[in-house]
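Notes to accompany the following structure.
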Amino acid sequence: MGVPVFLNVDRDIVKPGLSMIGWGGFDIGWVVFEFGLGLQWSWIDTNRIPELVIPSGLESLVRLHFSPGVRFQVPLFDAALPYLTGAFDANLWNFAALGSGCGWYYCRDDERSKFTPGFTGRGGVAVHLKGSIYLDVGFQYSFSGRGFFFERQQWWVEPFVGFIYRGDSDRLGGTGY
């Protein structure tokens, strides 16, 4: 779970949001090949958008994403597992409140979700709790490029916390997440 905070927008309009991601991977020691699927909501105050004719209060900007990536970790300590991750984000954005057209910081021709490519860099520490369970605490820096939704690149930061199950050795010698 994380709290995305957009960087290059009007803070009176774009509020911090909430994100949830689930991911799995193949751990071969210092490297983990991973993939994630996530959902993110950011709150937009349509009452503060100047050119909007009929404001409707707080509305949600929604991002569904699939993110294949690579994690580099330091498995030398029993108590903690520090790591850095880089992932490509295939983003689907939707903001149905304003309908179709261009304006403010989005652009699209209908109300369906629109694709934009992106990237996420994440750093954190997985603190060993018991057995194969870790408490994951970290920070990520993400961007969504110009595509079929945004008129310009969008950047956000996101502190997060979660849990990792690190176990289940397989026939190839790796550990599943």
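Hey, any hits in region 25-37 for a residue that's under 19 Å from Pro117 (Cα atoms) and out of contact with any Phe, Trp or Tyr (no Cβ under 9 Å at 6 or more places or on another chain)?
Checked against the condition, which is being under 19 Å from Pro117 (Cα atoms) and out of contact with any Phe, Trp or Tyr (no Cβ under 9 Å at 6 or more places or on another chain), region 25-37 yields no hits at all.
Only strands (runs of 3 or more DSSP E) whose full extent lies in region 67-151 are considered here, and the ones with at least 2 residues that are surrounded by 14 or more Cβ atoms within 10 Å (Cβ to Cβ) and modelled with pLDDT of 90 or more are 80-94, 114-130, 133-144.
The values are calculated or read from the model by the stated rules, or taken from the named source; none is laboratory data. Keep in mind it's a predicted model, so treat the numbers as computed, not measured. Ideal geometry is used to build each Cβ from the backbone, glycine not excepted, and the neighbour counts take in all protein chains shown.
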